[in-house]
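Engineer: Take a look at this one; I'll ask things after.
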Amino acid sequence: MKPLLVFALSLTTLFSYSQKAENIIIITTDGLRWQEVFNGMDSSLANNKKYNQDDSLYLYRKYWAGNESNRRKKIMPFLWSTIESTGQIYGNRLYHNYVDNANPYWFSYPGYNEIFTGFPDTLINSNGYPPNPNTNLLEYLNKQPGYKNKVAAFGAWDAFDRILNEGRSGFPVYSSFDKFGGIKPSITEQTINKLMQDSYKPFGDAECLDVFTHYAAMNYLETKKPKVLYIGYGETDEWAHSGHYKDYLDAAFMVDKWIRDLWNYVQTNPLYKDKTVLFITTDHGRGDTIKDEWTSHNNKIKDAGQIWFAAIGPGIINKGEVKKAQQLFQKQFAQTMASLLSLVFKCEHETGVKIDLNAD
Ligand SMILES: [Zn+2]
């Protein structure tokens, strides 16, 4: 090979994305612990009759491996292949890489508020809190040139209407059992609506199964071509509260598969390819295994404010699993996500400073 060609090839490897991000897909999976993300299945929970749903055989066959790096791959194979090899993953406390809630409550509404507004508002202290008074990043983006009417949110939980202040924000928020497609649903939307309506509803009327949220969001991405899409999955939290460790791991496994589907879609579609970042995180952590507190989370549960996040796409160099000792907070995500689109999130409240994902 001629030296010049070698040089050109190594440049392409170094700068694999030729452009900056213009689109972002934000993904959350409610209350998925960093413990499973980084260490894989916990054998003490899989062995515990209280939690293994009488199927430790299934759990061991599907999710067990002798060491942590192989084990975590069994739950989240896409995170620990493509994202590890081309993106960044933060929050492994083994390396003192700490990511935490800045809000003092460690449950969902305060957590999502912190993610989307960058402001850990202490007045937001209940999941029943009224429509969010704080301006969020999505409504800010919806007002920026080129982004108007190109923002949409899909969440399994009905509280997203209030968290994202659907009434004020000016972009659609499809939550829980909201019908997709408005007054003129397409054939696909009609089918998703019917399946959702007639589906098993283990979480009552407040939350649908993730599969409906996912396929409705995917259909929206394919047909409406948003520049900013939020997808909020909920089953990881619900099954953990129920003490269903098998369902909890299966829910995390499925979210990882759907992240793969989203990434494969954007990277094979010219409108999105090499112009789209994925930002993946969670609203809060949960308790530890040792005290049987893994099912729960709030400020009385030790360590439940410990979280993690990952990102992949243009403008994000490959660091893989970040092993640097540092303290990051959820309140920094809003400005970080804005900066990935080369924007600054301007609003009436204070915000956490952006994380420079490409700094040493
Ligand atoms: Zn919860």
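The values are calculated or read from the model by the stated rules, or taken from the named source; none is laboratory data. Quick caveat: nothing in here was measured; it's all calculated off a predicted structure. Virtual Cβ from ideal backbone geometry, glycine too; neighbours counted across all protein chains shown.
Engineer: Only one residue in 215, 220, 200 is away from the ligand (no atom under 13 Å from the Cβ) and touching a Pro at 6+ places or on another chain (Cβ under 7 Å). Which one?
Structural biologist: None of the others qualify; the one that does is 220.
Engineer: To continue, here is another question. Given the conditions (1) more than 16 Å from the ligand (Cβ to nearest atom); (2) crowded, with 19+ Cβ neighbours inside 10 Å; (3) more than 24 Å from residue 43 (Cα to Cα), and given that residue 321 satisfies all but one, which numbered condition is not satisfied?
Structural biologist: (3)
Engineer: Let me ask something else. So, restricting to helices (runs of 4 or more DSSP H) that lie completely within the range 100-203, which ones have at least 1 residues that are under 30 Å from residue 325 (Cβ atoms) and touching a residue at least 24 places away in the same chain (Cβ under 8 Å)?
Structural biologist: Working: elements: 108-117, 137-141, 160-163, 166-169, 187-197.
Qualifying helices (runs of 4 or more DSSP H): 108-117, 137-141.
Engineer: Where residues in the range 285-309 are among the charged types (D, E, K, R) and more than 10 Å from the ligand (Cβ to nearest atom), which of them is surrounded by the most Cβ atoms within 10 Å (Cβ to Cβ)? Show your work before the answer.
Structural biologist: Going through the range 285-309, the residues among the charged types (D, E, K, R) turn out to be 286, 288, 291-293, 300, 302-303.
After this cut, where a residue has to be more than 10 Å from the ligand (Cβ to nearest atom) as well, the list is 288, 291-293, 300, 302-303.
Working: 288: 17, 291: 10, 292: 15, 293: 16, 300: 10, 302: 12, 303: 19.
So, considering only residues that are among the charged types (D, E, K, R) and more than 10 Å from the ligand (Cβ to nearest atom), the one surrounded by the most Cβ atoms within 10 Å (Cβ to Cβ) is 303.
Engineer: Also, I was wondering about something else. Would you pick out the residues in the range 185-241 that are among the polar types (S, T, N, Q) and under 16 Å from the mean Cα position of the chain (by Cα)?
Structural biologist: 213, 236
Engineer: Right, another one. Taking the conditions exactly as written (among the charged types (D, E, K, R) and modelled with pLDDT under 95), does residue 360 satisfy them or not?
Structural biologist: On the way: among the charged types (D, E, K, R): yes; modelled with pLDDT under 95: yes.
So residue 360 passes the test.
Engineer: Separate question: Return the pair list, or none, for Cβ contacts closer than 6 Å from residues in the range 222-249 that are modelled with pLDDT under 95 to residues that are of a type in the set (A, V, I, L, M, F, W, C), at least 6 apart or on different chains.
Structural biologist: none
Engineer: Go through the range 251-292 and count every residue that is free of Cβ contacts under 8 Å to residues at least 40 places away in the same chain and within 17 Å of residue 313 (Cβ to Cβ).
Structural biologist: Of the residues in that region, 6 qualify.
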